[in-house]
Amino acid sequence: MKADDISREGASAIAPADLSAVTVVVCATCRDASGSVSHPRAGAILARNAKLAADGAVRVRTVECLGNCKRRLSAAILRDGCWSYVFGDLDADSGPDLVAGAKLFAGSADGLIPWRGRPDSLKRGLVARIPPLSTLKDIA
């Protein structure tokens with residue numbers, strides 16, 4: 001698929017392996033399955049593990065709350081001009097899975113995270129896929 005075709009699919013015209021266009025966002029306030037309020041919270045540990053796994057190749061950021069509390073540890077993977085993904089039911093050791101998903105996303109020509117090769121935690125934990133604003137249509 002050529003770069004001109006990418007925008008037709010709703011993806012931005014970035015280089016397919018441009019890791020700088022992908023961001024992993026981790027809810028740092030998420031609690032583990034026990035509901036423990038201990039610090040650091042399980043979400044903060046997940047964020048730290050993702051940052052370590054990224055080793056500077058993928059941007060990892062934190063947010064106070066993704067509002068996905070029933071699905072416990074949550075994170076999102078974003079890419080400019082593409083669909084955004086929200087995941088739940090993660091554990092503190094899922095950092096490398098988030099980075100692997102981000103790398104798959106960066107290499108995707110159609111602006112979607114490919115199902116094949118996606119870590120199991122990102123298959124089971126998919127909560128939502130949110131379209132880029134540019135693909136929305138008005139109600140007739």
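The values are calculated or read from the model by the stated rules, or taken from the named source; none is laboratory data. Since this is a predicted model, take the numbers as computed values, not measurements. Cβ placement follows ideal geometry from the backbone for every residue including glycine, while neighbour counts extend to all protein chains displayed. Please note that ligands, DNA and RNA were not included when accessible areas were found on the heavy atoms of the full protein model with its side chains. Shrake-Rupley method; radii C 1.70, N 1.55, O 1.52, S 1.80 Å.
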Tilt relative to the chain, helix 95-106 - C-alpha long axis, 0 to 90 degrees, to 10 | 10 degrees
Which trypsin sites (Lys or Arg not before Pro) in segment 38-140 pass both tests, a DSSP loop state and at most 15 other beta-carbon atoms within 10 Å?
-> ARG116, LYS137
Determine the relative contact order of the chain: mean sequence separation of Cα pairs under 8 Å and six or more apart, normalised by residue count, in whole percent.
-> 28 percent
Segment 124-132 - phi-based ³J(HN,Hα) in whole Hz, Karplus 6.51/-1.76/1.60, Gly and Pro as x | 5, x, 5, 9, 7, 10, 10, x, x
In deg cm²/dmol, rounded to 500, what helix-only [θ] at 222 nm does the chain give when every DSSP H run of at least 4 residues adds -39500 (n - 2.57) and the total is split over its residues?
-> -7500 deg cm²/dmol
Using the alpha-carbon centroid of each, what span in Å lies between segment 41-99 and segment 100-140?
-> 14 Å
Counting only protein heavy atoms with a 1.4 Å probe and every protein chain in place, the carbon and sulfur fraction of the accessible surface of segment 71-139 in whole percent equals 54 percent
In degrees from 0 to 90, rounded to the nearest 10, what is the angle of the helix 42-54 Cα long axis to the longest principal axis of the chain?
-> 50 degrees
